[in-house]
Amino acid sequence: MADSIQLTVMTPDRVALSEEVERVEVPGSEGYFEVLPKHTPFLTGLKTGQVLYAKDGGEEVLSTNGGFVEVLMDRVTILAETAERAYEIDRQRAEEARQRAERRLEERDAQTDVARAEAALKRALNRLRVAEQAQG
């Protein structure tokens, strides 16, 4: 593929993705950013969100959670805590996680770790959005 970027997404458990892509959009620590071939190199944090990449005229999406992104002129490497393609997401499990997190936030008391519950809710909602996009 002429004028392409090597996109690699890794988690502690596996290489979730390794493909030549035309462009990639990433949820960085300062907000979403787009990378095209010959981009200026930089390093940034990765937030919970959706990694969108274009390949062969179509678009694909990954659900990611926390980590780092290295951008080089011809390569983007994402080191994520978790990364799932839409078809890998168990919608029922994600929905149950959303309900648990919402319940924790609604019923919170002095023992509730609010930041942790909010992060769990954000992860679950992100996974559900990615899974829904795959269904169209």
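List of remarks:
- So THR48, is it surrounded by 14 or more Cβ atoms within 10 Å (Cβ to Cβ), in the same structural domain as GLU19 (by TED's automatic domain parsing) and not acidic (Asp, Glu): yes
- Residue ID - surrounded by the most Cβ atoms within 10 Å (Cβ to Cβ), chosen from residues in the stretch 5-21 that are part of a loop (DSSP other than H, G, I, E, B) and in contact (Cβ under 8 Å) with a residue 40 or more places away in the chain: THR11
- Residues of the stretch 86-131 classified as among the basic types (Lys, Arg), within 17 Å of the chain's Cα centre (by Cα) and under 15 Å from GLY66 (Cβ atoms), total: 3
- Hits in the stretch 89-136 - residues which are modelled with pLDDT under 85, of a type in the set (A, V, I, L, M, F, W, C) and in contact with a strand residue (DSSP E or B) (Cβ under 9 Å, 6 or more places away or on another chain): ALA134
- Of the residues making up the stretch 1-46, just one is acidic (Asp, Glu) and within 12 Å of the chain's Cα centre (by Cα), namely GLU25.
- Residues in the stretch 68-85 that are within 19 Å of the chain's Cα centre (by Cα), more than 15 Å from PRO27 (Cα to Cα) and among the acidic types (Asp, Glu): 0 in all.
- ARG127 being charged (D, E, K, R), touching a residue at least 12 places away in the same chain (Cβ under 8 Å) and in contact with an Asp or Glu (Cβ under 8 Å, 6 or more places away or on another chain): yes
- Looking across the stretch 53-71, the residues that are of a type in the set (A, V, I, L, M) and in contact with a helix residue (DSSP H, G or I) (Cβ under 9 Å, 6 or more places away or on another chain) come down to VAL61, LEU62.
The values are calculated or read from the model by the stated rules, or taken from the named source; none is laboratory data. Keep in mind the model is a prediction, meaning the values are calculated, not measured. Positions of Cβ are generated from backbone atoms using ideal geometry, with glycine treated the same way; all protein chains shown enter the neighbour counts.
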